[in-house]
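*Asks:* One structure follows; several queries about it will come next.
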């Protein structure tokens, strides 16, 4: 002590050095779930030591299943597998490609992550100060036990005795895919720690960027690509989003990205590619994609399976104080199943991936090719009846289109040559579009029930179907016995979830099981109107855990409730429309409104691709944004032509200016008189392009030059789109500036 007091400066440096040495001796890498995105901002340094730097010894793998196309091998020591493609000779491993393992570009825990069949995050709930920790099978000296051969593959357990975790895994081989599954009922948590999330085989197919073309396919919007870069990416971000969107009942990392509607992802490397389809447990899965340079030199993509999530525990009556904690006693239960479709060399690109997904939808989900109603494509027409705006004392009712005016509108369009229409009526209910949750009878100020029936009968006389838009997910009308206190969605803290409308009003989000009952109660009234179907807003689009003790449910149960509601409508009318829904509804929906045709503009993505449209064209009709609500009119029209979307318009008989202050309807320009001539001209262009392609699958899509794209249909028709302000002339192809051209194929399929 005297020496320290006498030599303060020297002592300071000695203590500093000792502290630094101590920190080095204790250092380890742990990534908390809430810090995943920020941790990705800086790539971990290369270097460091690891006891075992080797990947599995491929000589120890044994064949456990094979068919005419594929051979599945398994290593009983590491739990890894290899798939050999007999068609091309390509090899897919559940771990990174060993050819480049001498330069992984990363060290420490991440070497163990890349070696492991599973990485995971866990926490000790018995310690109130404990933080979540990230680890892996290799670091925990895991062992493979209970190996049992099955009819189609093998089952085994990944045990980590140090943590008390037993993760049961099933591998199976069928046709052109290998399927991995975590068997939920056999998961064991025998130690003091509890499982938060895990990633099973996250480095399946992981490759470094080489001389051949390669990319990761992510289901961002309509689809996007992350191209392999020869130089490691300077953008230290990865892609991570929840399938079917974030869950409002829990704490979520802020994100401005599109919701994931398709439970798919994929990878291309040279002349080989795979498509992964997330099946059981998709609603609890994140898709993670990491370009080379973020975590090491490998490009990789996979899923993160959540078993518990963080929420805010409120501690005061005003509900403005609390602390973050996890769902300790309730582990999310469901098998977690992913299929990896191994694509043949001639299908090794995003078109091949989308085509294989289409085949999956037909074989596994029962989708069938469209039978067109007419030789002309339909114009999807939305008509607004009324909405409300802020009044001096109470809300003011604003009429947009009466039922008799709608009849006049349809008659004019029909007379101008648009003889195939499909109509959806909005704001037909009492008090208009922003009156939610209660729908019957039709508002008398628009013509009442008799006026609506007359309009429907008139439309039917022209062979035009009519659907009504309804939104039962939100309720501000308190009909059907609705009471927010009893029937609203609640989070874990017991707070009722609210949606803030344009009016500033907070509207209660309704529990799905209450919605099931409300729609059943209204179904007879809908059928009495003679309509052809319903457009269900909200249903199939947002999946939130609901802790309402009487009407709530898990994400899995909310998905099931959505399907129950859809089946109720489908059984009554045979037709249902949804707005840009999650693909768990895709076998039920007949028409998709507002199918997204863009991406989230992440800097690591190279641009959007029409993956969803390639998968769906010829199976479902879909529109994008209404023509008269677009900000880039010419560009968005060309995008529809490139992506095979049908034309749509939102019309009102009232002037757009008269609707400027209404709560929910916010068109750029909706007045029918201003748009009817343009609508006919635009419809004719769409009809020229797509009249003979309604039931045709998209079999090709490529970029010919900057801003120039080619879409090919199975009958040989090729459509060229030019987004540039100069003509494109190359190899006999001429596409005018800001226009399209086409080469017709043979009719049929």
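*Asks:* Could you list, in sequence order, the residues of the range 416-454 that are assigned to a loop (DSSP other than H, G, I, E, B) and either in contact with a helix residue (DSSP H, G or I) (Cβ under 7 Å, 6 or more places away or on another chain) or farther than 26 Å from residue 501 by Cβ (or both)?
*Replies:* Across the range 416-454, the qualifying residues are 416, 417, 418, 419, 420, 428, 439, 440, 441, 447.
*Asks:* So which residues in the range 138-148 are part of a strand (DSSP E or B) and within 14 Å of residue 80 (Cα to Cα), if there are any at all?
*Replies:* Hits for the range 138-148 are 143, 144, 145, 147.
*Asks:* OK, next. Say we look at the range 610-634 and pick out the residues that are touching a residue at least 24 places away in the same chain (Cβ under 8 Å), assigned to a helix (DSSP H, G or I) and in contact with a helix residue (DSSP H, G or I) (Cβ under 9 Å, 6 or more places away or on another chain); which of these is nearest to residue 405 (Cα to Cα)?
*Replies:* Filtering the range 610-634 for residues that are touching a residue at least 24 places away in the same chain (Cβ under 8 Å), assigned to a helix (DSSP H, G or I) and in contact with a helix residue (DSSP H, G or I) (Cβ under 9 Å, 6 or more places away or on another chain), the one nearest to residue 405 (Cα to Cα) comes out as 628.
*Asks:* For the range 529-548, what are the residues that are surrounded by fewer than 21 Cβ atoms within 10 Å (Cβ to Cβ) and assigned to a strand (DSSP E or B)?
*Replies:* Hits for the range 529-548: nothing passes.
*Asks:* In addition: Among the numbered criteria (1) in a loop (DSSP other than H, G, I, E, B); (2) surrounded by 13 or more Cβ atoms within 10 Å (Cβ to Cβ), which one does residue 127 miss?
*Replies:* Condition (2) is where residue 127 drops out.
*Asks:* Right, something else. For the range 660-683, how many residues are part of a helix (DSSP H, G or I) and either outside the structural domain of residue 503 (by TED's automatic domain parsing) or over 33 Å from the mean Cα position of the chain (by Cα) (or both)?
*Replies:* The total comes to 9.
*Asks:* How many residues does the range 549-586 hold that are under 24 Å from residue 468 (Cβ atoms) and assigned to a loop (DSSP other than H, G, I, E, B)?
*Replies:* 6
*Asks:* Taking the condition touching a strand residue (DSSP E or B) at 6+ places or on another chain (Cβ under 6 Å), over 21 Å from residue 382 (Cα atoms) and in the same structural domain as residue 483 (by TED's automatic domain parsing), does residue 589 pass?
*Replies:* no
*Asks:* Can residue 474 be described as touching a strand residue (DSSP E or B) at 6+ places or on another chain (Cβ under 6 Å), more than 26 Å from residue 575 (Cα to Cα) and surrounded by fewer than 20 Cβ atoms within 10 Å (Cβ to Cβ)?
*Replies:* no
*Asks:* While we're here: Residues that are crowded, with 23+ Cβ neighbours inside 10 Å: which strands (runs of 3 or more DSSP E) entirely in the range 67-124 hold 3 or more of them?
*Replies:* Filter on the range 67-124 gives 118-124.
*Asks:* Whether any residue in the range 374-383 is part of a loop (DSSP other than H, G, I, E, B) and within 18 Å of residue 455 (Cα to Cα) is what I want to check.
*Replies:* no
*Asks:* Can you tell me which residue in the range 202-214 is farthest from residue 95 (Cα to Cα), limited to those that are under 26 Å from the mean Cα position of the chain (by Cα) and surrounded by fewer than 24 Cβ atoms within 10 Å (Cβ to Cβ)?
*Replies:* 213
*Asks:* Of the numbered conditions (1) outside the structural domain of residue 431 (by TED's automatic domain parsing); (2) surrounded by fewer than 18 Cβ atoms within 10 Å (Cβ to Cβ); (3) over 20 Å from the mean Cα position of the chain (by Cα); (4) in contact (Cβ under 8 Å) with a residue 12 or more places away in the chain, residue 655 fails exactly one; give the number of that condition.
*Replies:* Unmet for residue 655, out of (1) outside the structural domain of residue 431 (by TED's automatic domain parsing); (2) surrounded by fewer than 18 Cβ atoms within 10 Å (Cβ to Cβ); (3) over 20 Å from the mean Cα position of the chain (by Cα); (4) in contact (Cβ under 8 Å) with a residue 12 or more places away in the chain: (1).
*Asks:* Further question on the same structure: Let me spell it out: the conditions are (1) assigned to a loop (DSSP other than H, G, I, E, B); (2) within 30 Å of residue 66 (Cβ to Cβ); (3) in contact with a helix residue (DSSP H, G or I) (Cβ under 7 Å, 6 or more places away or on another chain), and residue 151 meets all of them except one. Which number is the exception?
*Replies:* Among (1) assigned to a loop (DSSP other than H, G, I, E, B); (2) within 30 Å of residue 66 (Cβ to Cβ); (3) in contact with a helix residue (DSSP H, G or I) (Cβ under 7 Å, 6 or more places away or on another chain), residue 151 violates only (3).
*Asks:* Another question, if that's okay. Within the range 635-652, is there a residue that is more than 30 Å from the chain's Cα centre (by Cα) and either part of a helix (DSSP H, G or I) or at pLDDT 90 or above (or both)?
*Replies:* Checked against the condition, which is being more than 30 Å from the chain's Cα centre (by Cα) and either part of a helix (DSSP H, G or I) or at pLDDT 90 or above (or both), the range 635-652 yields at least one hit.
*Asks:* If you take the residues of the range 323-349 that are under 20 Å from residue 225 (Cβ atoms) and touching a helix residue (DSSP H, G or I) at 6+ places or on another chain (Cβ under 6 Å), which of them is surrounded by the fewest Cβ atoms within 10 Å (Cβ to Cβ)?
*Replies:* This residue is 341.
The values are calculated or read from the model by the stated rules, or taken from the named source; none is laboratory data. Predicted model only: the values in this text are computed from it and were never measured. A quick note on method: Cβ atoms are made from the backbone with ideal geometry, for glycine too, and the neighbour counts reach across all protein chains shown.
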